1. Against the definition (modelled with pLDDT of 95 or more and surrounded by 12 or more Cβ atoms within 10 Å (Cβ to Cβ)), how does residue 205 come out, yes or no?
2. With the structure loaded, tell me whether residue 102 is surrounded by 12 or more Cβ atoms within 10 Å (Cβ to Cβ), outside any loop (DSSP other than H, G, I, E, B), of a type in the set (Gly, Ala, Ser) and not assigned by TED's automatic domain parsing to the domain that holds residue 217 or whether it fails that test.
3. Could you grab me the full set of residues in the range 74-94 that are hydrophobic (A, V, I, L, M, F, W, C) and either modelled with pLDDT of 80 or more or not in a helix (DSSP H, G or I) (or both)?
4. Go through the range 156-199 and give me each residue that's closer than 27 Å to residue 211 by Cα, more than 31 Å from the chain's Cα centre (by Cα) and aromatic (Phe, Trp, Tyr).
5. In the range 147-178, which residues are polar (S, T, N, Q), assigned to a strand (DSSP E or B) and either surrounded by 15 or more Cβ atoms within 10 Å (Cβ to Cβ) or in contact (Cβ under 8 Å) with a residue 24 or more places away in the chain (or both)?
Amino acid sequence: MSLGLVQRKERQKRRNQRIWGFVKLVSVVGLCSGVGYYAHDIGISVGQQEVARWKTLHDNQVAENEQLKIELGQDKATVDQLSQLLPNEEIRDLLATVTRRANEGVDINRMETIIGGISKDASCSGETDTKRFMVITPVSAQDVSTASFYRGLITLAGTGSPTLNENGAPEAWFDVTREITISFMLPGGDTQEVSGTLPLYHSVITGGNEYRFSITEGRTSFVDASVQQCEL
């Protein structure tokens, strides 16, 4: 084989290699461009979806804030109206008492009649009747101890927690530093209760009269109940 023929074949081989390398380079560049374009397109689509989602969340939040402003404005108007209706703490306490008694089952019309019948200046007798009774605890020697007023019109009884000695054991008498409950029993089975630490105060209205009670600490195991009768 002549030297010229070998050189031509060698040049042809190198030319083919360069062509094939260029083709591969173009293919790789094209592939990368396609992938990049696809990724760019996907990125734009995802970005647009995120923007739309956050815009929706923002719009919803704005709508909720506007609704809250409306509700807060309504609540403030209600509070202002109630403040005008209840100008002081005494009236608010009275309303709380009426609400509590209504929740306990006391007829609202009855309370309205009683309150409506109260005069501006109550006329009270100067006489005060005082009686003593035992406050019963779970370890008391007696099961029942009462005090009746006005020939059995109103009968009082009390319950409390026992005093603990230095060893932590309960004693027979009630602990005057803890809450007790006094029951006011009326004819027909109606019962009113008041709870708290001594002294306690409670008014019973029955038969067109108000009976104002004061419950104070007496000798060991006992309380003293004093009552004054007033006309409505």
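The values are calculated or read from the model by the stated rules, or taken from the named source; none is laboratory data. All figures in this text were calculated on a predicted structure; none of them were measured in a lab. Backbone-built Cβ (ideal geometry, glycine too); neighbour counts: all protein chains shown.
1. Here the answer is no, as residue 205 does not meet what is asked.
2. yes
3. Taking the range 74-94 and keeping what is hydrophobic (A, V, I, L, M, F, W, C), we get 77, 79, 82, 85-86, 91, 94.
Within the range 74-94, 86 is the sole residue that qualifies.
4. Selection gives 174 alone.
5. Correct list: 155, 159, 163.
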